[in-house]
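Since every read-out is calculated from the coordinates, none of them should be taken as a lab result. Everything numeric in this text was worked out from a predicted model, so none of it was measured. No Cβ is skipped: glycine too gets one built from the backbone with ideal geometry, and neighbour counts run over all protein chains shown.
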Amino acid sequence: MLEISPLRDDEAEAVAALAREIWLAHYPAIIDVAQIEYMLAERYRPALIRQTLARGDRWLAARAEGVLVGFAHGYALAEGDYKLDKLYVHPDWQRHGIGGQLMERLADHARRRGARRLVLRVNRNNAQAIAAYRKYGFEVLVPVVEDIGGGYVMDDYVMTRAP
């Protein structure tokens, strides 16, 4: 039985642990482990997750039998855009439509708040994610390279679609 509902404040540690497991399974073929560790430390601290929850960002949790198996995070940007910032599903639970359900729930949330466009960033070498996003109607808008500190850069595509 799969349940998708808002992330609870007490699940911040579980999100951080799940992100670590997913990133270390998926990203070493794309970026080096030192950059993975840097990005996890910067983006998945439980205190930061709680802070984004408190400011009103939308976090969704996918739970199977009460265990967190995926999550999504989004928030409003300027001029009618809505950022799909994070979307991850544990490798054992991928290809079951969970990512699509999380994405569509966030898209519905964005649409109800007047968003005109969903925006996300994905590593240019992450062919699996790019293919999944294309399947759900996203198109590449522009490439972007951003210095994220620590001597690392993100080499991404910005992708968009209507909510």
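Under a 5 Å amide H to amide H cut-off, with H placed in plane at 1.01 Å, what residues pair with Ile148 once short-range neighbours are removed? Amide H neighbours of Ile148, under 5 Å, 5+ apart: Val153, Met154.
Taking the empirical scaling 2.2 N^0.38 Å for compact globular proteins as reference, the stretch 41-96 has a Cα radius of gyration ratio of 1.26. The stretch 62-122 and the stretch 9-40 have Cα centres spaced 17 Å apart.
The residue among His90, Pro6, Gly149 whose Cα reaches farthest toward the positive pole of the charge dipole of the stretch 2-161, with charges on the beta-carbon of Lys, Arg, Asp and Glu, is Pro6. When the chain is treated as a GNM with alpha-carbon contacts under 10 Å, the residue of Ala72, Ala107, Ala29 showing the greatest mean-square fluctuation is Ala29.
Computed packing ranks the peptides 135-143, 77-85 as 77-85, 135-143, most packed first, by mean other Cβ atoms within 10 Å.
Calculated FRET efficiency, Ala17 to Leu77, Cβ-Cβ distance, R0 = 30 Å: about 0.60 to the nearest 0.05.
Look at [x] 17.0; [y] 16.2; [z] 17.9: the one that is Kirkwood radius over Cα pairs in Å derived from this structure is [y].
Rounded to the nearest 20 debye, the dipole magnitude of the stretch 2-161 is 660 debye, with +1 charges on Lys and Arg beta carbons, -1 on Asp and Glu beta carbons, and the Cα centre as origin.
The value of relative contact order for the chain, using C-alpha pairs under 8 Å at least six residues apart, is 19 percent. In the chain, taking the dipole from charged Cβ atoms about the Cα centre, the farthest positive-side position among Val67, Ala34, Gly56 is held by Gly56.
Annotation: amide H-H contacts under 5 Å for Leu141 (H modelled 1.01 Å from N, sequence separation of 5 or more, or interchain): Val158, Met159, Thr160. Remark: the stretch 45-123 carries a charge dipole of roughly 240 debye about the Cα centre, counting +1 on each Lys and Arg Cβ and -1 on each Asp and Glu Cβ.
The calculated 222 nm mean residue ellipticity attributable to helices in the chain amounts to -11000 deg cm²/dmol, summing -39500 (n - 2.57) over DSSP H runs of n ≥ 4 and dividing by all residues.
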